[in-house]
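Notes to accompany the following structure.
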Amino acid sequence: MSTRSPHAGILPYQDITRLITSHVIDASPAIEDRQIQPASLDLRLGRKAYRLISSFLPELSAISSRLDILDFYQSDLVMYEMDLTGGAILEKGHVYLVPLLESLKLPKTIRARANPKSTTGRLDVFTRVVTDLNAGFDEIRAGYHGPLFLEVVPRSFAIKVCTGQSLNQIRFVRGNAAVPDRDLLALHRTTPLLYHNDPSRKAVGNRDFRAEHGLFLRIDVKGDERSSPRIIGYRAKKNSHVIDLSKVGHYAAADFWEPLYRHRHDSLLLEPEEFYILASKERIRVPAGYAAEMVAYEAACGELRTHYAGFFDPGFGYGSKGEIKGTQVVLEVRPHDVPFLIHDGQTFFKVVYDKMLDKPSQLYGVGLGSSYQQQALTLSKHFKA
């Protein structure tokens, strides 16, 4: 039996706006309209970044106290600070801590969860939100009052960032918002959640709709039969120039990425610690009253990370009235320790659906400048089409 309360769910666009006007979410300079998404809020980099020796466990770290009171240069972690107001380069493989412009005064009934934006994940930039006196990353406890910090680790490319840019987003949750498997199947029967990624665009049949604490999806390493040559993915090059996050549609993909072509056995060998952009076999749909998220790494899947970002706002692959028959999911994949051989159509990741408290007044891809509504196998928006 589900324990989800009828009053549980993710807060929509209009409620996030109310949290801002009531200063539950506060910031200086003020939050801009462009930051507010159907079920999430883009967080902005602050004025400084701290280059750290290493990452750390946030519990009992008293980060804000050290930043405000103690000489932060004398701490065990910080090597030096950087001014982001005019732009600064974050080198790949290094760890940075950035105070964000936003802070929170959450009521005891609302918690929050953060994740990287899609563009951030596709650049292999690892980010995690840190809050004071909390044992975990990206989870902000109900009733939290205080600042927000972002740990940033560029993995494949050096990046140039500036105060006010957004690398991650946050959503606000009341109660247990997760949609049970049986409710997912019932929803799929009336409002399909998955479509085949082929010219037929047929909804996935109920027999092939697999759910167990979330919805299973498969990997595509066969590619589009109508394309020649058939590109099935991209692998990040080891040596390349800096990517300036302010430049959209600017860079030639070939300078940063190696295209991967279909293998005759419809398989792909993933090398340890290489970074890949791949795509799903199915097209996913998120109706207006729901949000969805790719779940974190599970030990049962092996030493393989299948995504960095993975949050889908209401309307993703759906449109304003359900006119879109799903959108492919783009995956940010990094194997660890051992090589992995994967085959076309193998189960590769899982998506959890959450109920919204109310339908958002704005939907993804409808007047919000959304970048990936009609995506196929797509690199980040910084690269030329």
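The values are calculated or read from the model by the stated rules, or taken from the named source; none is laboratory data. Remember, predicted model here, so these are calculated numbers, not experimental data. Note that we place each Cβ from the backbone using ideal geometry, even for glycine, and neighbour counts take in every protein chain shown. Please note that ligands, DNA and RNA were not included when accessible areas were found on the heavy atoms of the full protein model with its side chains. Shrake-Rupley method; radii C 1.70, N 1.55, O 1.52, S 1.80 Å.
What is the distance, in nm, between label points placed 7 Å from the Cα along the Cα-to-Cβ direction at Arg141 and at Asp255?
Distance between the two pseudo-spin positions: 4.7 nm.
Take every Cα pair under 8 Å in the chain that's 6+ residues apart, average their separations, divide by the length, and report that relative contact order as a whole percent.
After rounding, I find 20 percent.
Can you tell which of Arg113, Arg34, Arg285 shows the greatest fluctuation in a Gaussian network model of the chain with Cα springs below 10 Å?
Arg34
Using a 1.4 angstrom probe on heavy atoms only, work out the carbon and sulfur share of the accessible area of the chain in %.
Answer for the chain: carbon and sulfur cover 50 percent of the accessible area.
Using a Gaussian network model of the chain whose springs link C-alpha atoms within less than 10 Å, name the residue from Pro259, Pro12, Pro314 with the highest mean-square fluctuation.
Pro259
At 222 nm, what helix-only mean residue ellipticity would the chain give, in deg cm²/dmol to the nearest 500, using -39500 (n - 2.57) for each DSSP H run of four or more?
-2000 deg cm²/dmol
Among Ile36, Leu187, Val152, whose Cα projects farthest towards the positive end of the dipole of the chain, with charges put on the beta-carbon of Lys, Arg (+1) and Asp, Glu (-1)?
Farthest towards the positive end: Leu187.
Which residues' amide hydrogens lie under 5 Å from the amide hydrogen of Lys237, considering only partners 5 or more residues apart or on another chain, with H built in the peptide plane?
For Lys237, whose amide H was placed from the backbone, the distant partners under 5 Å are Trp257, Glu258.
Pick from Ala49, Ala114, Ala254: which is most flexible by mean-square fluctuation in a GNM of the chain where alpha carbon atoms under 10 Å apart are linked?
Of Ala49, Ala114, Ala254, the most mobile in the Gaussian network model is Ala254.
Send over a whole-number figure in Å² for the accessible area per residue of the chain, probe 1.4 Å.
With the other protein chains kept in place, the chain gives 45 Å² per residue.
Could you sort out which of Lys117/Lys238; Lys222/Lys247; Lys247/Lys359; Lys359/Lys381; Lys247/Lys321 sit more than 25 Å apart by Cα distance in this structure?
Lys222/Lys247; Lys247/Lys359; Lys359/Lys381; Lys247/Lys321
Assign one of three labels to the chain, namely rounded, prolate or oblate, based on the Cα gyration tensor with a ≥ b ≥ c the square roots of its eigenvalues; rounded applies when a/c is under 1.5, prolate when it is not and a/b is larger than b/c, and oblate otherwise.
Oblate shape, in that a/c is at least 1.5 and b/c is the bigger or equal ratio.
Once you sort the root eigenvalues of the Cα gyration tensor of the range 89-234 as a ≥ b ≥ c, which label holds: rounded (a/c under 1.5), prolate (a/b larger than b/c) or oblate (the other case)?
Taking the square roots of the gyration eigenvalues as a ≥ b ≥ c, the range 89-234 is oblate.
Could you check how many percent of all C-alpha pairs in the range 79-151 are farther apart than 21 Å?
Of all Cα-Cα pairs in the range 79-151, 33 percent lie more than 21 Å apart.
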